[in-house]
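What follows is a set of notes on a single structure, which appears directly below.
Only the coordinates and a few stated rules stand behind these numbers; no lab work does. As the structure is a computational prediction, the values presented were derived from the model and not from experiment. Note that each Cβ is placed from the backbone with ideal geometry, even for glycine, and that neighbours are counted across all protein chains shown.
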Amino acid sequence: MPAPVPRQRTIPAAESGQAPAAAPNGGSAQDSSEAKVTAPRAADPSENATDRAGSAPDRPETPAPAHLTLLLIEDDPGGSPIVPELLDRSGKPIRVRTARNLTEAGRLLTDDVHCILLDLALPAPGRAGDGDDELAVLKHVLELAPRHAVLALTGADDAERGAEAVRVGAQDYLVRDELDGRLLSRAIRYAVERKRSDSAERRLAEGRVRAQENRRLERGLLPTPLLDGSPLRFAARYRPGRSRALLGGDFYDVVRTPDGTVHAMIGDVCGHGPDEAALGVELRIAWRALTLAGLCGDRLLGTLQQVLEHERPDDEIFATLCAVDIAPDGRRAGLCLAGHPSPLLARPGHPARLLPYDDNGPALGLLPGARWPRTQVELGAEWSLMLYTDGLIEGRVGDTGERLGQDGMVEMIRRRLAAGLRGEELLRTAVNEVRDLNGGELTDDVAVLLLDRAA
């Protein structure tokens, strides 16, 4: 083992004002040492080092430590430390702890340790496969302290081993015979900043990957209308109330069954969290399966209520729903409402109006054994039918504090239709106007779908 640099004088606790710290787990002063040492401060080009990547999404950035603590792991039978005098960036002494082996290091590796200086000549604990691995001790330390900065210490003739240590995971390597206070102080600060930056970049990358996966998953859960063979045109807009989400508790779907009937549905699970979004997806998938199996009206809604009761995380959870089935000739429709706002019907030469909602049944999940009457509606030869959730009508109107409401929504759609807007453009401008009237983003989920039939 290379000869150590002579020990620096340890300042007693009475001189430094630092009470002696007891070694964890009953360790004695012979097992470890912690001291404050002083030396003239050297200029440091890393004074202004910053976190290059920033913190991961939704996590506060870890502040730079006010006082640095170094854990020295080196096997020196004479008990002579190999570190010279050290100062942190504020000119205060860097606290130094020493451990002769990894067992002692594990006891001393508390949360206030910021950097580890590891002698690569230290023998590693026996473990299968470590016999020929010159960096086995470093790998043990990286497993023991994955969140700590690590500096590898090598001899003058072992620089290649030090470079390999950096490739394995150390922040830097130092040559024992070249150590002085200025070099080591700068290396420690650099290693701590680099570890913080690397950790922040890793968290940011992980957050981006999770966000991308969530977006792909949520896109896959949004419905693809099944309207092959139908003359009807479809458009939809969806805006979740949750920040950074693509799905909320609102859900919708449109399918055409083999007999030519077009079935459309829109619903709203109470609440705005991920559980409500997941339940909305389950109800939408169940509705599609039941519709394609031939169920309609009261039978379909009763079965959906059973699904809701089995799948909801809490007995207080309920869902509103509007379902329409449009006859193959496109001139008539059946309407079932389960506590949901009535659709809006627009026809040439007639002002846009709400469909009848006198037979509105209860929301799903509220009343066991409930019934949902089906109302027959005449649509005509040319029409537009808009289904929506209450997020579109519950936004505020300016500073008055009043809600837009259904009457306000109907008047807004009339104006947009009079201006010649149709389809996607109509829905986009309507949702944007509701948001502008609210004075900012809406807190509730918004889903709107539009079916058009031309003469």
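Go through 380-391, 155-166 and give me the packing order, highest mean Cβ count within 10 Å leading.
Values: 380-391: 21.2, 155-166: 15.8.
Ranked by mean Cβ neighbours within 10 Å, highest first: 380-391, 155-166.
Here the peptides 357-368, 306-317 are ranked by packing, the mean other Cβ count within 10 Å, and the order with the highest first is 357-368, 306-317. When the range 203-359 is described by a simple charge dipole with +1 on each Lys and Arg Cβ and -1 on each Asp and Glu Cβ, the residue from Thr320, Gly349, Leu301 located farthest towards its positive end is Gly349.
Rounded to the nearest 20 debye, the dipole magnitude of the range 222-453 is 800 debye, with +1 charges on Lys and Arg beta carbons, -1 on Asp and Glu beta carbons, and the Cα centre as origin.
Between Val377 and Glu160, the modelled label-to-label distance comes to 8.0 nm, taking each label 7 Å out from Cα in the direction of the beta carbon.
In Å, what Kirkwood hydrodynamic radius results for the range 222-453 from the alpha-carbon pair distances? Walk me through the intermediate numbers first.
Working: mean 1/r = 0.0563 Å⁻¹.
Every distinct Cα pair counted, the radius reaches 17.8 Å.
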